[in-house]
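Read the structure below first, then the notes.
The values are calculated or read from the model by the stated rules, or taken from the named source; none is laboratory data. Being a predicted model, the structure only gives us computed values, none of them experimental. Cβ placement follows ideal geometry from the backbone for every residue including glycine, while neighbour counts extend to all protein chains displayed. Remember, those area values only see protein heavy atoms, side chains included, never the ligands or the DNA or RNA. Shrake-Rupley method; radii C 1.70, N 1.55, O 1.52, S 1.80 Å.
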Amino acid sequence: MSVEPLNPEPDRLEPHRAGPFTFADLDAAPDDGTRRELIDGVLLVTPAPALIHQRAALRIAAALDSVCPAEFEVVIAPYDYRPTAERSLQPDVLVLGSDETNPAHAEKPLLLAVEVLSPRTHLVARLKRSAYEQAGVHSYWIVEPDEETLTVLELVDGLYVERDVVVGEKVFEATLPFPVQIVPAELTRSRRT
């Protein structure tokens, strides 16, 4: 994770600058595949993820999407969740509620945010946990692909409570945002072997 200045004119280099950064900075950034998120004026920049990360995010999204009720929607990153005027987050997988009507980015509390960790994103996940909790995101799943671990947090009286930590071949029987089964070991296993 690094804090990096955004260049509103992609063909011109801008000297490094300190924040605070805004939505205007995010919206002016080049569409180059770099994940840029904003928490209270601080720009979080993460490089493209590794194959194991992408595999886990895709499989969670597919599992959720296959049983998603018609009134909800499963979306994958990059897609902005802007719960406040100072925050723009991009969970790896998110579930939108029926009250979400903005086609450009999500604004209403998410039913689910899923973050797939890498060695470079552990600090970001801690920052995002607090941001999701404050925004009223109903459920937050943290996947650690190298450990084949799924940590499930659910909002209770405005604070996250750890509902379960599922490892390896153990089946997680989700009830939020809707019933689905997730097996951490299956999220990362290569189909080539």
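Given in Å, the Rg to one decimal and the Dmax to the nearest whole number for the Cα atoms of the chain are 16.7, 51. Rolling a 1.4 angstrom probe over the chain with all protein chains present gives an accessible area of which 54% lies on carbon and sulfur atoms.
Amide hydrogen proximity for residue 164: with H placed 1.01 Å from N in the peptide plane, the residues at 5 or more positions away or on another chain lying under 5 Å are 152.
Averaged over its residues, the range 15-69 has an accessible area of 51 Å² per residue, based on protein heavy atoms and a 1.4 Å probe. Summed over the residues of the range 89-159 and divided among them, the accessible surface reaches 41 Å² per residue at a probe radius of 1.4 Å. With K and R counted +1 and D and E -1, the other residues having a Cβ less than 11 Å from that of residue 124 yield a net charge of +3. Phi angles across the range 54-63 convert, under the Karplus curve 6.51 cos²θ - 1.76 cosθ + 1.60 with θ = phi - 60°, into 3J(HN,Hα) values of 5, 4, 5, 5, 4, 6, 5, 4, 5, 5 Hz, Gly and Pro given as x. Phi angles of the range 150-155 translate, via the Karplus equation with coefficients 6.51, -1.76, 1.60 and θ = phi - 60°, into HN-Hα couplings of 10, 9, 10, 10, 10, 6 Hz per residue; Gly and Pro are given as x. In percent, rounded to a whole number, the relative contact order of the chain is 15, using alpha-carbon pairs under 8 Å and six or more apart. Working note: Karplus 6.51/-1.76/1.60 with θ = phi - 60° gives the range 27-41 the couplings 5, 8, 5, x, 8, 10, x, 7, 7, 10, 10, 10, 10, 6, x Hz, where Gly and Pro are set to x.
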